[in-house]
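A quick write-up on the structure given underneath.
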Amino acid sequence: MIHPAHSFKQTWELILIIVTTYASIEVPLRLVMGYPATGWILILDIIVITVFIADIVINFRTSIVVEGRLISDPRVIARKYLSSWFIVDFLAAVPFDLILIHSLGEPEANLARLISPTLLRALRMLRLIRLLRLVRLAQLLHRLGHRDLLNPAIMRLLFFGFWVTLIGHWVGCGWVAMGGIPDAPDQITRYVRGIYWAFTTLTTVGYGDVVPNNNHQTVFAILTMIVGAGMYGYIIGNVAHLLANIDVARAHFRQKMETVNAFLRYRNLPSSLQERIRNYYNYLWESRLGYDEFSFLKDLPRSLQMEVALSVNQDILEKMPILRGAPASLVREIVLSLTPQVFTPGDMIFQYGDPGQEMYMISKGTVEVLDRDKNSIATLSDGQFFGEVALLHHAPRNASLRAMDYCDIYSLDRKTFEEILERYPDFASSIQAMAEQRRGGKQS
């Protein structure tokens, strides 16, 4: 069975989108232009039919997901497919027009002399059955829109443009079929002017240089205007929203900053403090697009939390000497317990005498170690850790730590820290040795 996420299945869906789009454009065009299915047109027809038939076979051989479970039983798959999309796919795949026309034993170009124009037109209208695949095309485009190919807003704009163009093509073909362009010198000019009328009517411009001449054309024009009015309302109501949210992260950040600025104005905080707060949020935007990764992880199941956390924190884990050669279970336990924090230049991470409740690991940035009198005694940078002395000895902080620049730091709380030390004695020994060394140097 073919897995629904297999690369072959995804490639096949792309082929289906291309073939179905071709059919939805060519079938109405051939009806109004009246050209026969010969030469390369016939070859393309055969390719379209072959792809549609092959898709039926592939659907019978593709696993399905039911209520979150992957089903590979051929009988269940067949029963599900036969009760859903099979009829649509089958009708679109059978070349009724080619079968009936070629059963007459004459090339299509000669049939106009043998049968009535009405019957010939009815035979050609059978090609419209292939447009049933448009239902499947909408489903495939919806699935394509959920893949991480482009920004979702851009994908929606592209799909909207695609459907508007396709509808304009159909309306233009319908106008030509109703004789709306009687004075055109050739078929190409007739089609181009029909498309021109379709888009001026759909977009509610309506210059009036192409007008209906009978009741049928008038009714068709009225229906087109109704469709155009609906499309215009959709454009006003949705496209502006799509453009405004084409960068979702930036829109989210702007909304957040508006809330922050409103609070700062309401509370009338000192200008220097306001500037530090704004600098903090600007750094969040530059470093992580304004999102809190901790909140994001909480929404995921534990297995995915672990994989994401390991991937996100891979750099800091590789930088830390105490984790080199550590058991994988220890690394997983630590990485899921880390809480990300950001400190701006000059922020005090903790001060001398504060109770020790957390230890810290530096992902990026530089931290200055200060003694009791605020004199600098050391600096710590990427991959180093601090704060473990107070946790090990249940003592207050024996030094102050200050961020020298923007710092991305991960903290580990006391409870988790003690549980890890209890389960991994070798790790506890290495931490104890480093803590004793630092204790002698009066660091953290």
query: What number goes with the only condition from (1) over 32 Å from the mean Cα position of the chain (by Cα); (2) at pLDDT below 80; (3) crowded, with 16+ Cβ neighbours inside 10 Å that ILE334 does not pass?
result: (1)
message: Residue under question is TYR191, and the condition is that it be of a type in the set (Ser, Thr, Tyr) and closer than 23 Å to GLY34 by Cα; does it hold?
response: yes
message: Can you report the number of residues in segment 38-80 which are part of a loop (DSSP other than H, G, I, E, B) and not basic (Lys, Arg)?
response: 7
- prompt: Mind checking which pairs have a first residue in segment 8-36 that is under 30 Å from ALA184 (Cα atoms) and a second that is not in a helix (DSSP H, G or I), Cβ under 8 Å, 6 or more apart or different chains?
  reply: ARG30/ALA37; PRO36/PRO107
- line: Just one listed residue, out of PHE253, PHE294, is in contact with a Pro (Cβ under 7 Å, 6 or more places away or on another chain), under 22 Å from TYR406 (Cα atoms) and either surrounded by 12 or more Cβ atoms within 10 Å (Cβ to Cβ) or at pLDDT 75 or above (or both), and it is PHE294
message: Considering only residues that are of a type outside the set (A, V, I, L, M) and closer than 30 Å to GLU286 by Cα, which ones fall in segment 389-424?
response: SER400, ARG402, ASP405, TYR406, CYS407, ASP408, TYR410, SER411, ASP413
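Results for (1) under 20 Å from PRO340 (Cα atoms); (2) in the same structural domain as ARG332 (by TED's automatic domain parsing); (3) in contact with a strand residue (DSSP E or B) (Cβ under 8 Å, 6 or more places away or on another chain); (4) not β-branched (Val, Ile, Thr), shown as yes or no for each residue.
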{"position": "MET361", "(1), (2), (3), (4)": "yes, yes, yes, yes"}
{"position": "SER376", "(1), (2), (3), (4)": "no, yes, yes, yes"}
{"position": "HIS393", "(1), (2), (3), (4)": "no, yes, no, yes"}
{"position": "PRO396", "(1), (2), (3), (4)": "no, yes, yes, yes"}
{"position": "ALA399", "(1), (2), (3), (4)": "no, yes, yes, yes"}
{"position": "LYS415", "(1), (2), (3), (4)": "yes, yes, no, yes"}
{"position": "ARG423", "(1), (2), (3), (4)": "no, yes, no, yes"}
{"position": "ASP426", "(1), (2), (3), (4)": "no, yes, no, yes"}
message: Whether any residue in segment 41-58 is more than 18 Å from ARG133 (Cβ to Cβ), surrounded by fewer than 14 Cβ atoms within 10 Å (Cβ to Cβ) and touching a helix residue (DSSP H, G or I) at 6+ places or on another chain (Cβ under 9 Å) is what I want to check.
response: yes
message: Testing PRO345 on (1) surrounded by 16 or more Cβ atoms within 10 Å (Cβ to Cβ); (2) at pLDDT 85 or above, one condition comes back false. Which one is that?
response: (1)
query: Which of the residues spanning segment 393-424 are more than 14 Å from ILE334 (Cα to Cα), of a type in the set (A, V, I, L, M) and touching an Asp or Glu at 6+ places or on another chain (Cβ under 9 Å)?
result: ALA399, LEU401, ALA403, MET404
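The values are calculated or read from the model by the stated rules, or taken from the named source; none is laboratory data. Just so it is clear, the model here is predicted, and its values are computed rather than measured. Cβ coordinates were reconstructed from backbone atoms using ideal geometry, including for glycine residues, and neighbour counts include every protein chain displayed.
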